[in-house]
Amino acid sequence: MLLTHSKFRQFTPKAVCDTSQAVEVLISLSCASHQEVDDLVARALAAGGSTYDQPEDLGFMYSHSFVDPDGHGWGVLHLSAMPPKA
C-alpha cells in the first residue's frame with residue numbers, strides 16, 4: 001500500500017524517516033521478462049525516480065533498481081532459472 005505521509009502516520013506512532021538521510025525500506029519486484037525489468041525502471045525514471053547502478057545480468061537472473069521520488073529503494077528482477085549451487 002502506498003500512502004501519503006499524513007495517512008501513513010495514522011498507522012504508526014513512529015516518525016517517518018528522512019529518506020535522503022536513511023533507508024526506510026527496500027522493495028523487490030519480480031518481472032516476467034528481462035524487457036519488463038527494463039520497461040519498469042524506464043517508467044520509474046520518467047516519473048521522477050533515479051538510479052544509482054547499472055543493470056546486472058548473472059545469466060540466471062537479470063536485475064536493475066531505482067529510487068522513487070520519496071527515496072524508497074526498489075529492486076526489479078527477472079529469474080530465468082535457479083541459481084547455480086554454491
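Of all beta bridges that DSSP places with both ends in the chain, some 65 percent have antiparallel geometry. Quantify how much of the Cα-Cα distance distribution of the chain extends past 15 Å, in percent. The calculated P(r) of the chain puts 63 percent of pairs beyond 15 Å. With the simple spin-label model, which puts each label point 7 Å out from Cα in the Cβ direction, the Val16 to Leu40 separation comes to 2.4 nm. Computed over protein heavy atoms with a 1.4 Å probe, the accessible surface of segment 26-86 works out to 64 Å² per residue. Relative contact order for the chain: 31 percent, from Cα pairs under 8 Å spaced at least 6 residues apart, divided by residue count. Could you work out how far helix 34-46 tilts from the main Cα principal axis of the chain, as a 0 to 90 degree angle to the nearest 10? Orientation of helix 34-46: about 30 degrees from the principal axis.
Each peptide among 18-28, 33-43 gets the average number of other Cβ atoms lying within 10 Å of its residues, and from highest to lowest they stand as 33-43, 18-28.
The values are calculated or read from the model by the stated rules, or taken from the named source; none is laboratory data. These figures come from a predicted structure and were not determined experimentally. All Cβ positions, even for glycine, are placed from backbone atoms using ideal geometry, and neighbour counts span all protein chains on display. The protein model used for the area step is the full one, side chains on, heavy atoms only, and it has no ligands, DNA or RNA in it. Shrake-Rupley method; radii C 1.70, N 1.55, O 1.52, S 1.80 Å.
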